[in-house]
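Student: Pasting in a structure now, in structure tokens, and then I'll have a few things to ask.
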Amino acid sequence: MSAFLFAAAAFVLVTIAAGLIPVLRGPGDADRMMAAQLVGTGGIAGLLLAGAAIGTPAAVDVALTLAVLATFSGVAFVKHGTPRSPDAPEDGA
Amino acid sequence: MPGILDFGLAALMLGMAGWTIVARKNLAAVMGFVVYGLLLALVWLRLGAPDVALTEAAIGGGLSGVLLLSAAERLRDTAPTAHRIGGAGRLAAAALSAAIAAGIATAFVSLPEPAPTLAPAAQANGGATGLGNPVTSVLMAFRAMDTMLEKVVLLLALVGVWSLARDQCWGGRPGPRHRADPRGPLAFLARVLVPIGIVVGLYVFWTGADEPGGAFQGGTLLAAMWLLTMMAGLADAPPTRRRRLRLALVAGPAVFLLVGLGGLLLGDAFLAYPVAFAKPLILAIEIAMTLTIAVTLGLVMAGVPERDEAE
Amino acid sequence: MIAFLGDLLTVVAVSAGLVFFLAGTVGLLRFPDTLTRLHALTKADTLGLGLIVLGLLPRAASARAGLKMVCIWLLILLAGASVSQLIAREARREGPKA
């Protein structure tokens, strides 16, 4: 079981890596903003799987922190990535 | 089987580091750096350091991205005043970095087996503080002096950020006024996520006594949530001349210093806790520290004072 | 018997979750433009995470740990829904790209 969970964590890591290639290269900034979401969700999956495989209960706390902060990062990217125009509301409309 | 995971993680991290250096646009490079930080948290967990993993997730995942992006934004409008570093300069930088990495690797590999460490001593004496987490015991009792001085360093960093303000804006509100559609997704996200994030932050702080966690990680989460309300336009950054704000900023180091002096006058040494009161004293210091860390990091991320209070 | 059923649930749910993660990444690689790729990322990965959480619940160290994992998934649902809206607006603002 532990070997299966490790393999699952490694597989998730491979999917993150493969997913990062188009996301980071993507022609626009909007593509790159997806990186936070991708690594956040995948990283949490990997953390939970690896934590269950080793038997570290702290992994769940780290995953919880990651969940809150990956979201925050995503918002920060969108906010700072868009050049500001003085009259438009900042999250687009 | 764990070997494959570790190898994959290491390879991915090297790839991300390489990409971050090579990326042309600031936004892309910062994102690469944040992704690198989030993966590093995984690595720390694999190395058996969940406290460091928590801190890396908090700082690398949240803080550094915002800081770097704000800095990039400030530089975006300015004309480049210095020449771009040429090929020779880049080569020299690469050679220096490689030399440092090689030096650290050599030092690590040539450590005697078993490596000299104070960890067993720290764990053996954990009973003196009444805390279950040896990392917190080290931070708050055995090496409390370092922790106190770190908080002062944070304060100095904040003063450094403020010093970038124009003279007439000193004491004003940091950063631009963020606006967002009050019925849009950003305001919605802020309204729902922030209370949850605050609870998670307080939980991470509280659980640091016996499990991985602590004041720094909790404070960083709280700072991130405060910044989220500001980014969503639900609250404005307070003017930095406000007295209560400045009191909150010094509360952490001040309480630490008071307890330390109390130890000097009433006990054996500076920062000596009487064993009977060790845990409540540590708790009091940690509460003050969490507040200070949250406010300091929040203000550092909010940016340079740009606006006057009246706006 | 119960332990066997728990293990079976773990293997089945985690495998299903991995399939969705794979589907999400394939979508990222193959879909032609930003909005479709965003859709693949947020929907497939979120569902994949949900299935993985479901699979890990029988192995949770305590009821509180299991509850935390479910909360993590709910947080990611919220994040996926909101941040994808923000990214999509940014994509629309940027205009069609190659």
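The values are calculated or read from the model by the stated rules, or taken from the named source; none is laboratory data. These numbers were taken from a predicted model, which means no experiment stands behind them. No Cβ is skipped: glycine too gets one built from the backbone with ideal geometry, and neighbour counts run over all protein chains shown.
Student: Take the stretch B:142-165 and flag every residue that is more than 30 Å from B:Ala269 (Cα to Cα) and in contact (Cβ under 8 Å) with a residue 60 or more places away in the chain.
Tutor: Of all residues in the stretch B:142-165, those more than 30 Å from B:Ala269 (Cα to Cα) come to B:158-165.
Within the stretch B:142-165, B:Leu158, B:Val161, B:Trp162, B:Leu164, B:Ala165 meet the criteria.
Student: Can you tell me how many residues within the stretch C:50-88 are more than 30 Å from C:Asp7 (Cα to Cα) and surrounded by fewer than 22 Cβ atoms within 10 Å (Cβ to Cβ)?
Tutor: Adding up the residues that qualify gives 3.
Student: Which one of C:Thr42, C:Thr10, C:Thr25 is modelled with pLDDT under 90, among the β-branched types (Val, Ile, Thr) and crowded, with 18+ Cβ neighbours inside 10 Å?
Tutor: Selected residue: C:Thr42, the only one of C:Thr42, C:Thr10, C:Thr25 that is modelled with pLDDT under 90, among the β-branched types (Val, Ile, Thr) and crowded, with 18+ Cβ neighbours inside 10 Å.
Student: Mind checking which helices (runs of 4 or more DSSP H) fall wholly inside the stretch B:1-83 and carry at least 2 residues that are among the charged types (D, E, K, R)?
Tutor: B:50-58, B:64-76
Student: Can you tell me which of (1) at pLDDT below 85; (2) out of contact with any Leu (no Cβ under 9 Å at 6 or more places or on another chain); (3) of a type outside the set (D, E, K, R) is the one B:Ala141 doesn't meet?
Tutor: The one condition B:Ala141 does not meet is (2).
Student: Can you work out which of the residues in the stretch B:179-218 that are of a type in the set (A, V, I, L, M) and away from chain C (no Cβ under 12 Å) is farthest from B:Val138 (Cα to Cα)?
Tutor: Checked the stretch B:179-218; the qualifying residue farthest from B:Val138 (Cα to Cα) is B:Ile198.
Student: Out of the residues in the stretch B:33-58 meeting the condition of being small (Gly, Ala, Ser) and more than 7 Å from chain A (Cβ to nearest Cβ), tell me which one is surrounded by the most Cβ atoms within 10 Å (Cβ to Cβ).
Tutor: Taking the stretch B:33-58 first, the residues small (Gly, Ala, Ser) are B:37, B:41, B:48-49, B:53, B:57-58.
Applying the additional criterion that residues be more than 7 Å from chain A (Cβ to nearest Cβ) yields B:37, B:48-49.
Working: B:Gly37: 23, B:Gly48: 11, B:Ala49: 16.
Out of the qualifying residues, it is B:Gly37.
Student: Scan the stretch B:6-29 residue by residue and report those that are more than 8 Å from chain A (Cβ to nearest Cβ) and under 14 Å from A:Ser73 (Cβ atoms).
Tutor: Once the filter is applied, which keeps residues that are more than 8 Å from chain A (Cβ to nearest Cβ) and under 14 Å from A:Ser73 (Cβ atoms), the stretch B:6-29 yields nothing.
Student: Check B:Leu291, B:Leu271, B:Leu299, B:Leu281 and return the single one that is surrounded by 15 or more Cβ atoms within 10 Å (Cβ to Cβ), free of Cβ contacts under 8 Å to residues at least 24 places away in the same chain and under 25 Å from the mean Cα position of the chain (by Cα).
Tutor: Going through B:Leu291, B:Leu271, B:Leu299, B:Leu281 in turn, the sole match is B:Leu281.
Student: I'd like to know if the stretch B:181-194 contains one or more residues that are under 21 Å from B:Ala41 (Cβ atoms) and either small (Gly, Ala, Ser) or at pLDDT 90 or above (or both).
Tutor: In the first step, residues of the stretch B:181-194 are kept if they are under 21 Å from B:Ala41 (Cβ atoms); the result is B:193.
Adding the requirement that they be either small (Gly, Ala, Ser) or at pLDDT 90 or above (or both) leaves B:193.
So far as the stretch B:181-194 goes, yes, one or more of its residues are under 21 Å from B:Ala41 (Cβ atoms) and either small (Gly, Ala, Ser) or at pLDDT 90 or above (or both).
Student: Here's something else I'd like to know. Please list, ordered by first then second residue, the pairs with beta carbon atoms under 8 Å, 6 or more apart or interchain, first in the stretch C:3-32 and of a type in the set (D, E, K, R), second surrounded by 15 or more Cβ atoms within 10 Å (Cβ to Cβ).
Tutor: Pairs found: C:Asp7/C:Pro58.
Student: List pairs: first in the stretch A:24-43 and within 16 Å of C:Arg89 (Cα to Cα), second assigned to a helix (DSSP H, G or I) and among the basic types (Lys, Arg), Cβ under 8 Å, 6+ apart or cross-chain?
Tutor: Qualifying pairs under 8 Å: A:Asp31/A:Arg25; A:Asp31/C:Arg37; A:Met34/C:Arg37.
Student: Considering only the stretch A:1-27, how many residues are over 15 Å from the mean Cα position of the chain (by Cα) and either more than 7 Å from every other protein chain (Cβ to nearest Cβ) or not in a helix (DSSP H, G or I) (or both)?
Tutor: Of all residues in the stretch A:1-27, those over 15 Å from the mean Cα position of the chain (by Cα) come to A:1-8, A:10-11, A:25-27.
Then keep just the ones that are either more than 7 Å from every other protein chain (Cβ to nearest Cβ) or not in a helix (DSSP H, G or I) (or both); that gives A:1-2, A:5, A:25-27.
Residues flagged as over 15 Å from the mean Cα position of the chain (by Cα) and either more than 7 Å from every other protein chain (Cβ to nearest Cβ) or not in a helix (DSSP H, G or I) (or both) within the stretch A:1-27 amount to 6.
Student: Grab the helices (runs of 4 or more DSSP H) fully contained in the stretch B:152-269, keeping just those with 1 or more residues being in contact with a helix residue (DSSP H, G or I) (Cβ under 8 Å, 6 or more places away or on another chain), assigned by TED's automatic domain parsing to the domain that holds B:Ile287 and over 30 Å from B:Leu281 (Cα atoms).
Tutor: B:185-207, B:215-231
Student: Looking at (1) modelled with pLDDT under 80; (2) under 28 Å from B:Val300 (Cα atoms); (3) at the interface with chain A (Cβ under 9 Å from one of its Cβ atoms), which is the only condition B:Ser70 fails?
Tutor: (1) is the only condition that B:Ser70 fails.
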